[in-house]
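**Q** Below is the structure I would like to discuss, written out as structure tokens.
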2 protein chains.
Amino acid sequence: MKIGSVITLLRNATTKHLKKGEILIPAGATGKDVFFIRKGLVRSYYWDNEKLEEITFQLYPEYNIIVNIHSVLFDEPSNFSYQAFEDTKVYKIDYNSMIDLTSNNPDLLEINRRYIGRNAMRQAFKRVESFVFMSPEERYLKYMKDYPNVVNRTPDKYIANVLGITPVSLSRIRNRLATKKK
Amino acid sequence: MKIGSVITLLRNATTKHLKKGEILIPAGATGKDVFFIRKGLVRSYYWDNEKLEEITFQLYPEYNIIVNIHSVLFDEPSNFSYQAFEDTKVYKIDYNSMIDLTSNNPDLLEINRRYIGRNAMRQAFKRVESFVFMSPEERYLKYMKDYPNVVNRTPDKYIANVLGITPVSLSRIRNRLATKKK
DNA sequence: TCCCGTTCTTAACTTTAGTTAATTTTCTCG
DNA sequence: CGAGAAAATTAACTAAAGTTAAGAACGGGA
């Protein structure tokens, strides 16, 4: 990745500061923005009308790219809200402007392909694999290993959501693992 | 999608016939091929060394595109084998040739973006959502609804794998649903 | 059609997860 | 620092899933 290309991107981006708890993208949004998290932590979540509670879908620490998959790739309004989970600084650029920039610039085209499409795809695919092949306990261990910088900044109840289990169940898994070790 | 573009693609593709049971892509393969299933049914599966059995990851009926995500997008050898689950006819084209073709042809570029990247991404993402937000029972009902043409051609044990549960458990879910209905 | 292998179902049992609620611990921010 | 809120743990119970195994049903050749 060439430094000049990055500068081109940054010149076309705006900077946004969010206080902990502020909403970056509200549910229902249709805007096609791409965000780069420079600092902080963002979570995406879904309001479950049956259980009457929020279910956290994913957690994004600094140096991650967020695109609202629903609006940007699927042309639907966003199912999720994206919320700053710590004081957060993001760079924001319109997706279509980004496509325009990248199509005239081989380096940026490569960045686009590599860091947006491929990365999001890889994450989603690996996550499906973890659900198909692994137990909740194994999934938890893997998540801790892969994202320690997320786990130790986030209350367990949100991690439990991401793993597809309840907070109570996660607490028991931790207990089992702790007693097993001895 | 213009018919001319499709013909361009087909002229650069080869046709392959597979008997039921034959392997389309063996585990460990590094080839970057794109397959279009003209007729038949293909499954991808993983050999689980712990459980000493095959776990089916996904089922692809006719008119679906198969790319080996591991080799084509992640530059790793394939983790999965892809096997014809019925007598199957596929069109095959090398991924890089396809990229070359598409980059000089706006229609094909659109096909590429839309049907390969976006579709695979959409599938993977929706599938993660189903694991995070839904119970096995709900997941089964949704799968039946979304892919009836797969379900009624595939033994349940393979469907169970795809849903991340055991065949015994799927059988009980079916039983529960049947008695609930009355 | 009959046979054999695969798949499905059922049962019995063990383990784990969901649910609800009470209690303890930890955070947060005024 | 301290009070109130949020989160984590624990318990008791229910529901569901994993495991193993046995028998029934099914299906695809010969």
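**Q** Against the conditions (1) surrounded by fewer than 18 Cβ atoms within 10 Å (Cβ to Cβ); (2) within 14 Å of chain B (Cβ to nearest Cβ), where does A:Asp100 fall short? Just the number, please.
**A** For A:Asp100, the exception is condition (2).
**Q** Quick one: how many residues across region A:58-114 are free of Cβ contacts under 8 Å to residues at least 24 places away in the same chain and in contact with a Leu (Cβ under 8 Å, 6 or more places away or on another chain)?
**A** 3
**Q** Another question, then. Name every residue in region A:147-173 that is near DNA strand C (Cβ under 9 Å from one of its atoms) and either assigned to a loop (DSSP other than H, G, I, E, B) or free of Cβ contacts under 8 Å to residues at least 12 places away in the same chain (or both), in order of residue number.
**A** Answer for region A:147-173, where residues must be near DNA strand C (Cβ under 9 Å from one of its atoms) and either assigned to a loop (DSSP other than H, G, I, E, B) or free of Cβ contacts under 8 Å to residues at least 12 places away in the same chain (or both): A:Pro155, A:Ala160, A:Gly164, A:Ile165, A:Thr166, A:Pro167, A:Val168, A:Arg172.
**Q** Could I ask something else about it? Given the structure, is A:Gly117 farther than 20 Å from A:Ile65 by Cα, within 11 Å of chain B (Cβ to nearest Cβ) and among the small types (Gly, Ala, Ser)? Working first, answer last.
**A** On the way: farther than 20 Å from A:Ile65 by Cα: no; within 11 Å of chain B (Cβ to nearest Cβ): yes; among the small types (Gly, Ala, Ser): yes.
When the stated conditions are applied, A:Gly117 does not pass them.
**Q** Among the residues of region A:20-41, how many are touching a Leu at 6+ places or on another chain (Cβ under 8 Å) and either closer than 16 Å to A:Asp94 by Cα or within 16 Å of DNA strand D (Cβ to nearest atom) (or both)? Steps first, answer last, please.
**A** We begin by selecting, within region A:20-41, every residue touching a Leu at 6+ places or on another chain (Cβ under 8 Å); these are A:24, A:35, A:40-41.
Now drop any that are not either closer than 16 Å to A:Asp94 by Cα or within 16 Å of DNA strand D (Cβ to nearest atom) (or both), which leaves A:24, A:35, A:41.
Residues meeting the conditions: 3.
**Q** Which residues, counting only those in region A:59-93, are touching a Phe, Trp or Tyr at 6+ places or on another chain (Cβ under 6 Å), more than 17 Å from B:Glu129 (Cβ to Cβ) and not charged (D, E, K, R)?
**A** A:Ile65, A:Val90, A:Tyr91, listed by residue number.
**Q** Among the residues that make up region A:13-25, is at least one of them in contact (Cβ under 8 Å) with a residue 40 or more places away in the chain, of a type in the set (Lys, Arg), part of a loop (DSSP other than H, G, I, E, B) and surrounded by fewer than 18 Cβ atoms within 10 Å (Cβ to Cβ)? Let's see the steps before the verdict.
**A** Narrowing region A:13-25 to residues in contact (Cβ under 8 Å) with a residue 40 or more places away in the chain: A:13-25.
Retained after the next criterion (residues that are of a type in the set (Lys, Arg)): A:16, A:19-20.
Within this subset, residues satisfying the condition of being part of a loop (DSSP other than H, G, I, E, B) are A:19-20.
Those still in the list that are surrounded by fewer than 18 Cβ atoms within 10 Å (Cβ to Cβ) too: A:19-20.
Yes - at least one qualifying residue is present in region A:13-25.
**Q** Then there's this: For region A:105-140, enumerate the residues that are within 15 Å of DNA strand D (Cβ to nearest atom) and part of a helix (DSSP H, G or I). Even if it seems obvious, please write down each step before you answer.
**A** Start the filter on region A:105-140 by keeping residues that are within 15 Å of DNA strand D (Cβ to nearest atom), which leaves A:130-140.
Answer for region A:105-140, where residues must be within 15 Å of DNA strand D (Cβ to nearest atom) and part of a helix (DSSP H, G or I): A:Ser130, A:Phe131, A:Val132, A:Phe133, A:Pro136, A:Glu137, A:Glu138, A:Arg139, A:Tyr140.
**Q** Tell me, yes or no, whether region B:154-177 has at least one residue that is among the hydroxyl-bearing types (Ser, Thr, Tyr), more than 11 Å from DNA strand D (Cβ to nearest atom) and farther than 14 Å from B:Phe57 by Cα.
**A** No, region B:154-177 contains no residue that is among the hydroxyl-bearing types (Ser, Thr, Tyr), more than 11 Å from DNA strand D (Cβ to nearest atom) and farther than 14 Å from B:Phe57 by Cα.
**Q** Consider region B:33-51. How many of its residues are of a type outside the set (Ser, Thr, Tyr) and either more than 14 Å from chain A (Cβ to nearest Cβ) or buried (at least 21 other Cβ atoms within 10 Å of the Cβ) (or both)? Full working, then the answer.
**A** Of the residues in region B:33-51, the ones of a type outside the set (Ser, Thr, Tyr) are B:33-43, B:47-51.
The next check asks that each one be either more than 14 Å from chain A (Cβ to nearest Cβ) or buried (at least 21 other Cβ atoms within 10 Å of the Cβ) (or both); those that pass are B:33-43.
Qualifying residue count for the region: 11.
**Q** Does at least one position in region A:59-80 carry a residue that is within 13 Å of chain B (Cβ to nearest Cβ), in a helix (DSSP H, G or I) and either among the polar types (S, T, N, Q) or in contact with a strand residue (DSSP E or B) (Cβ under 6 Å, 6 or more places away or on another chain) (or both)? Step through it out loud before you land on a result.
**A** Our first condition is that a residue be within 13 Å of chain B (Cβ to nearest Cβ); within region A:59-80, this holds for A:59, A:67-76, A:78-80.
Restricting the remaining residues to those that are in a helix (DSSP H, G or I) gives A:69-72.
Subsequent filtering for residues that are either among the polar types (S, T, N, Q) or in contact with a strand residue (DSSP E or B) (Cβ under 6 Å, 6 or more places away or on another chain) (or both) retains A:71.
Taking every residue of region A:59-80 in turn, at least one turns out to be within 13 Å of chain B (Cβ to nearest Cβ), in a helix (DSSP H, G or I) and either among the polar types (S, T, N, Q) or in contact with a strand residue (DSSP E or B) (Cβ under 6 Å, 6 or more places away or on another chain) (or both).
**Q** Oh, and also: The conditions are (1) within 14 Å of another protein chain (Cβ to nearest Cβ); (2) touching a Pro at 6+ places or on another chain (Cβ under 6 Å), and A:Asn149 fails exactly one of them. Which is it?
**A** (1)
**Q** For A:Thr56, work out the one condition from (1) more than 25 Å from B:Ser130 (Cβ to Cβ); (2) in contact with a Lys or Arg (Cβ under 8 Å, 6 or more places away or on another chain); (3) within 14 Å of chain B (Cβ to nearest Cβ) it doesn't fulfil.
**A** It fails just one condition, (1).
**Q** When region A:134-146 is examined, which residues are found to be more than 12 Å from chain B (Cβ to nearest Cβ) and either within 13 Å of DNA strand C (Cβ to nearest atom) or within 23 Å of B:Leu163 (Cα to Cα) (or both)?
**A** Going through region A:134-146, the residues more than 12 Å from chain B (Cβ to nearest Cβ) turn out to be A:137, A:140-146.
Passing the criteria: A:Glu137, A:Tyr140, A:Leu141, A:Lys142, A:Tyr143.
**Q** Tell me, which residue of region A:15-66 that is small (Gly, Ala, Ser) and within 16 Å of DNA strand C (Cβ to nearest atom) is farthest from A:Ile116 (Cα to Cα)?
**A** If we filter region A:15-66 for residues that are small (Gly, Ala, Ser), which is where we start, we get A:21, A:27-29, A:31, A:40, A:44.
So of that shortlist, the ones also within 16 Å of DNA strand C (Cβ to nearest atom) come out as A:21, A:40.
On the way: A:Gly21: 25, A:Gly40: 19 Å.
Out of the qualifying residues, it is A:Gly21.
Each value in this text was obtained by applying a stated rule to the coordinates, not by laboratory testing. All values derive from a computational prediction rather than experimental measurement. Note that we place each Cβ from the backbone using ideal geometry, even for glycine, and neighbour counts take in every protein chain shown.
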